[in-house]
Amino acid sequence: MIDLKAKSACEGLLPIEIGGVKLSEVAPAEMTLIAPYRGKEAALAKAFGGRWPAAGETASVEGGVLVWFGRAQAMLIGTAAPTTLAKFAAVTEQSDAWARVLLEGAGARDVLARLTPLDIRDTAFAVGQTARTELFHMQVSITRVSKDAWQIIGFRSMAGTLVHDLQRAMKGVAARAI
Amino acid sequence: MRIAGKGLINRKKPVSFTFDGTVYSGFEGDTLASALLANGVKLMARSFKYHRPRGVLTAGSEEPNALVTIGNGASQDPNVRATVQEIYEGLEARSQNRWPSLAHDVMAVNDLGAPFLGAGFYYKTFMWPKAFWEKLYEPVIRRAAGLGALSGAAVTDKYERAYAHCDVLVIGAGPTGLMAALTAAEAGVDVILAEEDSVLGGRLLSESGEIDGVPARDWAEATVARLQGMANVRIMTRTSVTGAYDGGTYGALERVGHHGVVAADLPKECFWRIAAKRAVLAAGALERPVAFQNNDRPGIMLASAVRSYVNRWNVAPGKAVAVFGNNDSAHDTAADLLAAGVHVSALIDSRPDATTDLPVPFYAGAHVCGSEGRKALEAVSISRASGIDKVQADCLAMSGGWNPTLHLTCHMSGRPDWDEAIAAFVPRAGMVPGMIAAGACNGVFSTAACLGEGAGAALAALDGLGVEAEMPALPAAEARDYRISPLWAVPGKGRAWLDFQNDVSVKDVKQAAVENFRSVEHMKRYTTQGMATDQGKNSNVGALAVLADATGRGIPETGTTTYRPPFQPVAIAAMAAGSEDKGFAPERLTTSHELTVKAGAPMIEAGLWYRPSYFPRSGETTWRQSCDREVMHVRQAVGVADVSTLGKIDIKGPDAGALLDFLYTNMFSTLKVGRVRYGLMLREDGHVMDDGTTARLAEDHFVMTTTTAAAGQVMSHMELITQGVKRKLDVRFTSVTEHWAQFAVAGPKSRELLNGLLDAPIDGESWPFMACGDVSVGGVKARLFRISFSGEQAYELAVPSRYGEALFAELRKRAEGLGGGVYGMEALNVLRIEKGFITHGEIDGRMTAFDIGMQGMMSKKKDFYGKGAAARPGLLDDERPQLVGLKPVGVVKQITAGAHLYKDGAEAVRENDQGYVTSVGFSPEMGSFLGLAFLKGGRARHGETVRMVDAMRGVETTCEVCHPVFLDPEGERARD
């Protein structure tokens, strides 16, 4: 039997650290897109103990987190989706579809402000909130995971561009501090 | 000349810089203009058209004259206003639009020809002969007239774009802005205070008055300190708000790296997009000049600018200063000059009833009507009832009153009102939704009133946000009435300048009126008034007042020209920041990309994806050799290609089949689980949108493939249908393009290759043509589809992307071991052309199923999207272009894509056009070029000879029209 070696989306690209802001790849984990069928929203939410995320929200569930991922769908990250969910929702494995990175540090918000039109002030985007938005010229999911840390999920095939654009912004922000 | 005083310069920190190669010294806090004046340099520029000597007119961003070029080479910045440029150690500034030097400019000869060069001169003179305009006149005129020039080299400086959000955006940090920001901030909302200057305070930095019993400047400093201490306030200095846009969005340009030698990655400028729930415009007002004969000599400047140079930068702009005005600003100026110990040679007030206590020669009801001196002012002529006096002066401070800086309020097509009392235009409320104009930009000029309006505007903004706040106690300040008597142009002969930057005089505007360019918009374009980089900030109102007078209308009736963004010049590099080089567009790379590039494959773009063109091997000197070999690998052994870029859409739900039936022209709900079907999709207008295969993996689970570049389009098409057309379908879909790395394994040895790789072998019976299902590769769950885009026995094997690179390496090794190898897009293209398979080269958006010979796929048993439109008679016409094959039959054997087809013997002209070639390839198996083409009524013309002409490449070939499937028409090879 052959042995296929796995390679993560950002292998060879990350981590980088510029001016106290760090960009690293989040260790690969199970990612499953869950989209409820017609009229099954309540049943689905119940399967998650009522913790189905509203638009722009995340919800902690056993073993992982549900990240709102657009109209009537959420991404379950960190744990496999129970097979019983297939009754209520389209359950699609997407663990390999995304490049998932973490931008952290005191200047991380300034870096993001160079790339996304999203309002990321504390009052508008608290820890645990999420958005599908634009990062320079690609579409991404951004979640605020702590005060100074943001998870960014972009297309796997665009990992190079994602890192390039973030790196450029990081350099610009760092240069202002000198 | 530097004078004593406590300005905003740091005398402990001298700064040296150069202007036109001469080294000068200034202080930290100086602008280039203030430092040059301190060094006695008055001549800073040459004018646009007549190359007249010019000095600085203003002390702010509205400066029309003192434009210089900063830096060299690729980072050369032309038309930088000396009044905005801060000096720093090592700054290199150069004057522009002069030759050989600023002091001796031979083009100043233009000035002698001035009587002939007035408004409309070019239009009337350079009419004949017509061809001369572009070749001779325009280049010569452009060379003679102009401002600074770009280097011609690509920009190497960094620029940046960024976003900011706030509850209240305060634009301008003078007394109004500071009070507004403070009031809003105290209420706890998020405030952005944007100020174009490097220091906050606005006019308070330049005036000698007091607020709350302390010098106004100190009050400003204390207020700024308070604001800086508040977490909800963001102060953005050196930031000009340049435009007001829909939804409370404002553009703003921040000068980041213009005032020092900067770190490598520091941007020169940052273009901000600020989203504000409310905005307070506190942009102040701009003092306007008075038009009189030769009012443009170096040394003649605005009275407010003189006060700025004296009070803020401790520079005496002259040894003997005359002051001229139609309002009290002139008196303030004379007082400040005297207080600073500068000799005031005359105070001239156009108001007959004016009085003064100042110990200066005073002329009430008089005008300055002329000036003398060439490269610097030497004397001014004063006209009064008794005659003309000449007074010695090397500086004239003039004030024609103030224009509220209301530009931003007009950015959404609003027009301002004329206020007779202040002889100026003022904004109307609500011209920009959510924006409130306050203070001087609202036509209120005393400091006390500005402070009140600032606080009031903040309260109104807070009210709009639903935040309650009370009017704060207002600090005590000067509350003088603004007394002005309009004075636009002093009567007299000679040229009296209105637009300094574009060299437009009172005479030019009058000439425009005489020639019936009476509309202010026509006058503007005929004279070019207001069309320079300063957009006529100093001259628009004066010019339209002169026009109003010349046409016998009032000013309100004459109206203003259109105020458009940007308020300040913005470098294109700032607006496009980040889009250069790799930032132009995202790059989508397959998992095999690295190995593919390592193999030396040239990459080509497919949408945003990068795909290999071919894989060269040693000994191969042309791409055709590689391509031919790769084609034969597939035809005779086995080839491997990365097809991950094709769109893959996962469709699930009870109505998945029903959705596909509606999407595709043919039936999918009847497809068996474990089978794949080819489908065709139409747009609403009945034309083909995309094609591809869809596999049924379970009763309620399909995976659709789309053309690489059409994946996004198909996804949004599906969103449209499920959200707007078939809303009751219980179905969900998502892209899984990125999750799967998918490889085509094609050729007679494809099964042999797979069976060495799969954990359980397959055979023809269990995996017939168009079968699909799950397999296992090294324990990894994978999907296998037996589909063929080459006509050979072929499979597509998909694994989760993390294993893509490893699988590609393995497939490649094994293919080579079987006498095959990897193949690129060139070979893929030849293989599909041989089989007559279409791509978007054929279905380019204009083709119907009928045109491509797939009318049989349009099901009669069911409805599908585009069905009705596709049945329109015009789309089923026998004379429509139809897909055919082409084979060369004459001496020339080449077919080229894009070439057009004509009847044999017909002239190759548009009227005779019969169709065109869409795809070509050289078939090594047939030893011939093959082409796919669209030919009028082509299906009935197989066997006919046509003339192929490629006018672009100069190729002409005689071709035989044939069926588009050249190879294995029965499809035996794929099925064995």
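The values are calculated or read from the model by the stated rules, or taken from the named source; none is laboratory data. Bear in mind that the values here come from a model prediction, so they are computed numbers and not experimental data. When we count neighbours, we look across all protein chains shown, and the Cβ atoms used for this are built from the backbone with ideal geometry, even at glycine.
Some values worked out for this structure:
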{"item": "Failed item, numbered, when A:Leu33 is tested on (1) within 12 Å of chain B (Cβ to nearest Cβ); (2) touching a residue at least 12 places away in the same chain (Cβ under 8 Å); (3) part of a helix (DSSP H, G or I)", "result": "(3)"}
{"item": "Enumeration of residues in the range A:135-166 that are surrounded by fewer than 22 Cβ atoms within 10 Å (Cβ to Cβ), facing another protein chain (nearest Cβ under 10 Å), outside any loop (DSSP other than H, G, I, E, B) and not small (Gly, Ala, Ser)", "result": "A:Met138, A:Gln139, A:Phe155, A:His164"}
{"item": "Selection status of B:Thr561, surrounded by 15 or more Cβ atoms within 10 Å (Cβ to Cβ) and modelled with pLDDT under 95", "result": "yes"}
{"item": "Only one of B:Leu396, B:Leu451, B:Leu406, B:Leu459 that is surrounded by fewer than 22 Cβ atoms within 10 Å (Cβ to Cβ), closer than 30 Å to B:Glu210 by Cβ and modelled with pLDDT of 95 or more", "result": "B:Leu459"}
{"item": "Given (1) surrounded by fewer than 24 Cβ atoms within 10 Å (Cβ to Cβ); (2) assigned to a strand (DSSP E or B); (3) not β-branched (Val, Ile, Thr), number of the condition B:Asp332 does not satisfy", "result": "(2)"}
{"item": "Per-region count, the range B:716-745, residues among the hydrophobic types (A, V, I, L, M, F, W, C), closer than 30 Å to B:Ser788 by Cβ and within 12 Å of chain A (Cβ to nearest Cβ)", "result": "5"}
{"item": "Members of the range B:506-544 that are crowded, with 24+ Cβ neighbours inside 10 Å, within 30 Å of B:Ala82 (Cβ to Cβ) and of a type in the set (Gly, Ala, Ser)", "result": "B:Gly530, B:Gly536, B:Ser539, B:Gly542, B:Ala543"}
{"item": "Residue selected from the range B:833-851 under the condition among the β-branched types (Val, Ile, Thr) and in a loop (DSSP other than H, G, I, E, B), by the criterion surrounded by the most Cβ atoms within 10 Å (Cβ to Cβ)", "result": "B:Thr848"}
{"item": "Failed condition for B:Ala225, given (1) among the hydrophobic types (A, V, I, L, M, F, W, C); (2) within 33 Å of the chain's Cα centre (by Cα); (3) more than 29 Å from B:Met531 (Cα to Cα); (4) away from chain A (no Cβ under 14 Å)", "result": "(2)"}
{"item": "Any hit, the range A:6-16, residues being in contact (Cβ under 8 Å) with a residue 12 or more places away in the chain and more than 20 Å from B:Glu805 (Cβ to Cβ)", "result": "yes"}
{"item": "Top-ranked residue of the range B:269-287 - restricted to ones that are within 13 Å of chain A (Cβ to nearest Cβ) and surrounded by 22 or more Cβ atoms within 10 Å (Cβ to Cβ), ranked as farthest from the chain's Cα centre (by Cα)", "result": "B:Ala276"}
{"item": "Selection count where residues are in a helix (DSSP H, G or I) and either under 30 Å from B:Val189 (Cα atoms) or of a type in the set (S, T, N, Q) (or both), scope the range B:270-329", "result": "4"}
{"item": "B:Met704 being part of a strand (DSSP E or B), farther than 27 Å from A:Arg38 by Cα and touching a Lys or Arg at 6+ places or on another chain (Cβ under 9 Å)", "result": "no"}
{"item": "Number of positions in the range B:373-393 that are within 45 Å of the chain's Cα centre (by Cα) and either surrounded by fewer than 21 Cβ atoms within 10 Å (Cβ to Cβ) or without any contact (Cβ under 8 Å) to a residue 60 or more places away in the chain (or both)", "result": "4"}
{"item": "Segments classed as strands (runs of 3 or more DSSP E), wholly inside the range A:37-113, with at least 1 members that are in contact with a Pro (Cβ under 6 Å, 6 or more places away or on another chain)", "result": "A:58-61, A:64-68, A:74-77, A:89-93"}
{"item": "Candidate set from the range B:751-805 (those that are among the polar types (S, T, N, Q) and either within 11 Å of chain A (Cβ to nearest Cβ) or touching a residue at least 12 places away in the same chain (Cβ under 8 Å) (or both)); member that is surrounded by the fewest Cβ atoms within 10 Å (Cβ to Cβ)", "result": "B:Ser776"}
{"item": "Residue within the range B:355-368 that is closer than 30 Å to B:Asp218 by Cβ, in contact (Cβ under 8 Å) with a residue 12 or more places away in the chain and either buried (at least 19 other Cβ atoms within 10 Å of the Cβ) or within 46 Å of the chain's Cα centre (by Cα) (or both) present", "result": "yes"}
{"item": "Tally of residues being in contact (Cβ under 8 Å) with a residue 24 or more places away in the chain and of a type in the set (D, E, K, R) across the range B:469-480", "result": "2"}
{"item": "Residues that are among the small types (Gly, Ala, Ser) and in contact with a helix residue (DSSP H, G or I) (Cβ under 6 Å, 6 or more places away or on another chain), drawn from the range B:490-534", "result": "B:Ala496, B:Ala512, B:Ala513, B:Gly530"}
{"item": "The one condition in (1) within 14 Å of another protein chain (Cβ to nearest Cβ); (2) surrounded by fewer than 20 Cβ atoms within 10 Å (Cβ to Cβ); (3) of a type in the set (A, V, I, L, M, F, W, C) that A:Met75 fails to fulfil", "result": "(2)"}
{"item": "Qualifying positions in the range A:11-28 - in contact with a Ser or Thr (Cβ under 7 Å, 6 or more places away or on another chain) and of a type in the set (A, V, I, L, M)", "result": "A:Leu14"}
{"item": "Positions within the range B:564-596 being crowded, with 19+ Cβ neighbours inside 10 Å, within 14 Å of chain A (Cβ to nearest Cβ) and among the polar types (S, T, N, Q), in sequence order", "result": "B:Thr590, B:Thr591, B:Ser592, B:Thr596"}
{"item": "Residue tally, condition under 18 Å from A:Ser8 (Cα atoms), within 10 Å of chain B (Cβ to nearest Cβ) and of a type in the set (Gly, Ala, Ser), over the range A:78-113", "result": "3"}
{"item": "Filter pass, B:Gly712 being surrounded by fewer than 22 Cβ atoms within 10 Å (Cβ to Cβ), within 11 Å of another protein chain (Cβ to nearest Cβ) and at positive phi", "result": "no"}
{"item": "A:Gly12 being surrounded by fewer than 19 Cβ atoms within 10 Å (Cβ to Cβ) and either modelled with pLDDT under 95 or more than 9 Å from chain B (Cβ to nearest Cβ) (or both)", "result": "no"}
{"item": "Single condition B:Ala543 does not satisfy, out of (1) assigned to a loop (DSSP other than H, G, I, E, B); (2) at pLDDT 95 or above", "result": "(1)"}
{"item": "Tabulated pairs, the range B:18-39, first in contact (Cβ under 8 Å) with a residue 24 or more places away in the chain, second surrounded by fewer than 17 Cβ atoms within 10 Å (Cβ to Cβ) and of a type in the set (Asp, Glu), C-beta under 8 angstrom, 6+ apart or interchain", "result": "B:Thr18/B:Glu92"}
{"item": "Residues located in the range B:727-752, provided they are under 39 Å from the mean Cα position of the chain (by Cα) and under 13 Å from B:Ile651 (Cβ atoms)", "result": "B:Arg732, B:Phe733, B:Thr734, B:Ser735, B:Val736"}
